[in-house]
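Values quoted throughout were computed directly from the atomic coordinates according to the rules given, and no laboratory measurement underlies them. The structure displayed is predicted, hence computed values, not measured ones. Note that each Cβ is placed from the backbone with ideal geometry, even for glycine, and that neighbours are counted across all protein chains shown.
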Amino acid sequence: MKRITAVVSVVGLVFGVAILAQTQTKSVEQELIKLVNDWMNAEVKADMAFLDQFIAEDCVITDPVGVVWTKAQFLAGLKSGEGVVISSVLDNMKARVYGDAAVVTGRMTTKQTFKGKDISGQYQCTDTFIRKAGRWQCVAIHISMITQK
């Protein structure tokens, strides 16, 4: 009888830990999706303070035509008005968490200009994050234009 009780206790503990881990993972996934939405709002507002903290110093940004940008170049473009984000809406968001790393994918529908040219449209985005000092930072951004059929 003691053996059965011990086995049931161990099984209960394992299930409890698994449920807790799954709940924590879902919470982190929701946190990341909220963070990406906050990021889009910061771009619309040109909130440089938020963007500076959110984007890692060594972040690599690949735009829809394959040009690679540094964090400094990206922020300078927004700050100067060279790039203007009028609105940006995200959907089909999915976050995958791997310990202190995560990948967030989704679709962005945006109204924006770059050097005065309208570059509005729909884009598929893949963002890679790492958790440093207790907060998430974006270390890689890849954006592809979704062409209309």
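Some observations on this one:
- Neighbourhood charge, 12 Å Cβ-Cβ cut-off, centred on Ala46 and excluding it, Lys, Arg +1 and Asp, Glu -1: -2
- The calculated FRET efficiency for Asn41 paired with Thr62, based on their beta-carbon distance and R0 = 22 Å, is about 0.50.
- For Lys71, a cut-off of 20 angstrom between C-alpha atoms picks up these lysines, skipping any fewer than 8 places away in its own chain: Lys45, Lys79, Lys115, Lys132.
- Residues whose amide H comes within less than 5 Å of that of Ala140, counting only those at least five positions distant or on another chain, are Val60, Thr128 (H built at 1.01 Å from N in the peptide plane).
- Segment 35-73 and segment 103-149 have Cα centres lying 9 Å from one another.
- Protection proxy ranking, highest mean first, for peptides 101-108, 128-135, 71-78: 101-108, 71-78, 128-135, where packing is the per-residue count of other beta-carbon atoms within 10 Å, averaged.
- Residue-count net charge about Phe114 - beta-carbon cut-off 13 Å; Lys, Arg +1, Asp, Glu -1: -1
- Neighbour net charge for Val104 - beta-carbon separation under 11 angstrom, K R +1, D E -1: 0
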